[in-house]
Amino acid sequence: HITLVCKDEIDPLSHFGLVNFDLLPDKVVENEDVLFSKEKIGGANVFEILLPIVKIDKIMSKLNSMESEKIGEERWEFLRIGLGQSDIQDARGNLPNESGLGELVSLDKGCYPGQEIHARVDSRGRLTKQIVRIVSNSPIELGAHYVEDVGKINLTSSQYDGSVNLSLGISPIFESPKIHTKLSNGASIKIEKINDS
């Protein structure tokens, strides 16, 4: 599995033999046993490439010819949080709608564990929690933090790059798209909505 993050004007698909092909969000295309999907996240095109291990060298060679940059886990985590892309650690213990994954849950297909809870939230017509990005100049620990004007925020992901800390967390719903405030330890933070729920 490879994740490729591109600026809007860059189309990597032609490098993989998919010329004049517009890959729509929520669609998957296959070429030579390699699956491609595309999602728009935070102003960037994010391509997911799923491939057999025997194809990894060929795909990496193509990515290198595109002057792509391979990044490490810490830098990827910082980029992922900056884009507002939820991961399993953000979803664990939270309802999909609260963690920005509500579009992945079907309320009218089959039966599955937790379906009643999702249907109840849907029938109420409103959520009580939302996923947010927290920006700070100092590292912030994972877990629950009380924030004046907002309430309890549970930080699920956090990455510090030496000058900026980006975190994702679940907070009570608030109206403003951004809030500038402080944590209980005095650290200044900016809280940004990821999705308008």
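Bear in mind these aren't lab numbers, they're just calculated from the coordinates by the rules spelled out. Every value quoted in this text rests on a predicted model; they were computed, and no experiment measured them. With ideal geometry, Cβ positions are generated from the backbone for all residues, glycine too; neighbour counts draw on all protein chains shown.
Computed from backbone phi with θ = phi - 60° and the Karplus coefficients 6.51, -1.76 and 1.60, the 3J(HN,Hα) list for region 29-37 is 10, 10, 8, 6, 6, 10, 9, 10, 9 Hz; x is used for glycine and proline.
Each label point was placed 7 Å from the Cα along the Cα-to-Cβ direction; for ILE117 and TYR146 their separation is 2.5 nm. Between LYS27 and GLN89, the contour length at 0.36 nm per residue exceeds the Cα-Cα span by 19.9 nm. Remark: for residue pairs LYS70/LYS129; LYS62/LYS129; LYS7/LYS27; LYS70/LYS182; LYS62/LYS109; LYS40/LYS190, the C-alpha separation exceeds 31 Å in LYS70/LYS129; LYS62/LYS129; LYS70/LYS182; LYS62/LYS109. The calculated P(r) of region 2-70, using every Cα pair and 10 Å bins from 0, goes 19, 60, 20, 0 in percent.
Taking the longest Cα principal axis of the chain as reference, the axis of helix 115-124 is set at about 60 degrees.
One equal scatterer on each Cα of the chain, no solvent, Debye formula: the resulting log10 I(q)/I(0) at q = 0.18 Å⁻¹ is -1.23. Positive contributions from Lys and Arg (+1) and negative ones from Asp and Glu (-1), summed over other residues with Cβ under 14 Å from the Cβ of PRO139, come out at -4. For the chain, the longest principal axis of the C-alpha atoms and the axis of helix 56-65 are separated by about 90°. Ignoring aspartates and glutamates fewer than eight residues from LYS193 along the same chain, the ones with Cα atoms less than 13 angstrom from its Cα are GLU98, GLU175.
If one takes the longest principal axis of the Cα atoms in the chain, at what angle in degrees, from 0 to 90 and to the nearest 10, does the Cα axis of helix 73-83 lie? The angle comes out near 70 degrees. Descending by average beta-carbon neighbour count within 10 Å, the peptides 84-91, 42-49, 137-144 line up as 84-91, 42-49, 137-144, the highest first.
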